[in-house]
1. Could you give me the residue pairs with C-beta distances under 9 Å whose first residue belongs to the stretch 41-52 and is at positive phi, whose second residue is basic (Lys, Arg) wherever it lies, and which are 6+ apart or on separate chains?
2. Which residues, taken from the stretch 26-64, are in a helix (DSSP H, G or I) and among the aliphatic types (A, V, I, L, M)?
3. In the stretch 18-48, which residue that is surrounded by 10 or more Cβ atoms within 10 Å (Cβ to Cβ) and farther than 25 Å from GLY70 by Cβ is modelled with the highest pLDDT?
4. For the stretch 19-60, which residues satisfy the criterion of being among the hydroxyl-bearing types (Ser, Thr, Tyr) and more than 14 Å from the chain's Cα centre (by Cα)?
Amino acid sequence: MAVIAHTQAAAVGVRGRLLAAIQRLQENRARNAVYRQTVRELNALTSRDLDDLGISRSMISRLAHEAAWGSSK
């Protein structure tokens, strides 16, 4: 009986880790999509539009990273 309980606990642990890994993959895919979309939209703006917003082209990747993963602070 103890062997069965131990095996079931191990299966739950494996299942839980697998589900957590799948959830992390889904979250990373969603964050990457936000990053790519932000970069695409900011790169589509003219230099004048970016200037009006106070953004230089060199800031685009950092801003996209912050949009997807939050502040780097």
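1. none
2. Here is the first cut: in the stretch 26-64, the residues in a helix (DSSP H, G or I) are 26-44, 47-53, 57-64.
Within the stretch 26-64, ALA30, ALA33, VAL34, VAL39, LEU42, ALA44, LEU50, LEU53, MET59, ILE60, LEU63, ALA64 qualify.
3. SER47
4. In the first step, residues of the stretch 19-60 are kept if they are among the hydroxyl-bearing types (Ser, Thr, Tyr); the result is 35, 38, 46-47, 56, 58.
THR46, SER47, SER56, SER58, listed by residue number.
The values are calculated or read from the model by the stated rules, or taken from the named source; none is laboratory data. Quick caveat, the model's predicted, so the values are computed rather than measured. With ideal geometry, Cβ positions are generated from the backbone for all residues, glycine too; neighbour counts draw on all protein chains shown.
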